[in-house]
Amino acid sequence: MKKHQLDYTLTEFEDGENFLKAAAQINFQLVFMDIYMENMDGIETSRRLRRKSKLCKIVFLTITEDYARLGYSLSASYYLLKPLSSHQADFEEAMELCQLKSPHEVMTLSVMADRQTLKLPTDKILYIDHQNRVTRIHTAERVIPVSGGFQEVTAALQKDKRFLACYRGILINMDHISHVDSQTFRLINGEELPISLRNRKQLREVYRQYVFSGMEGIV
């Protein structure tokens with residue numbers, strides 16, 4: 001750590017549950033997460049952490065590559081194989097990425113709802129859709145009908161790499177996708193959104209590139 005000029009305080013936890021209790025009170029900047037843990041594995045622990053924080057950098061530690069893709073779907077900075085003594089070069093690269101990788105700034109989206117201006121943190125938005133002539137913003141806590149057409153409401157997010165127009169009238173935040181299959185994106189809250197049939201291959205590739213961008217230090 002000193003080699004990479006990181007000023008740090010190291011805290012260890014026996015399991016994911018104890019870590020999450022602490023994470024509810026402390027904004028950790030970097031977490032080394034073992035995938036195989038009792039009671040709650042590292043993937044589920046990280047998924048719950050991501051509901052609270054999109055900025056914390058996660059480096060997964062494990063003995064197998066089986067969970068690599070799922071790990072990067074949680075915007076992990078790196079995926080290290082144990083023992084670390086046999087993968088020192090990978091550890092050095094992970095530390096470099098943790099220094100260079102800049103997380104998304106906390107941005108807000110200004111919208112009109114119930115004749116009031118709301119400023120919603122964009123990292124809290126699961127997706128935006130347009131149904132029955134109403135544009136709605138979906139978060140984990142609520143669904144917000146807003147004034148304005150779909151294009152007008154989503155215009156400010158079109159250049160944000162996190163957001164993907166996966167279907168006509170649907171803009172999804174890829175940070176909240178937990179699984180993708182041939183026809184749908186599944187969100188961390190269990191909802192499933194359709195993938196456009198015409199652009200399915202291209203959309204899946206965009207998501208794949210976004211998932212693995214963490215390996216290259218790209219946000």
- Query: Which residue pairs have Cβ atoms under 6 Å apart, sit 6 or more places apart or on different chains, and have a first residue in the stretch 192-203 that is in a helix (DSSP H, G or I) and a second that is modelled with pLDDT of 95 or more?
  - Reply: 203/166; 203/195
- Residues of the stretch 1-59 being at pLDDT 85 or above, farther than 15 Å from residue 75 by Cα, assigned to a helix (DSSP H, G or I) and of a type outside the set (S, T, N, Q), in sequence order, are 16, 17, 19, 20, 21, 22, 23
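May I ask you to list the residues in the stretch 198-219 that are modelled with pLDDT of 65 or more and of a type in the set (A, V, I, L, M, F, W, C)? Show your work before the answer.
Residues of the stretch 198-219 that are modelled with pLDDT of 65 or more, as a first pass: 198-212.
203, 206, 211, 212, listed by residue number.
The values are calculated or read from the model by the stated rules, or taken from the named source; none is laboratory data. All values reported here derive from a predicted model rather than from experimental measurement. So basically every Cβ, Gly included, is an ideal-geometry build from the backbone, and we count neighbours across all protein chains shown.
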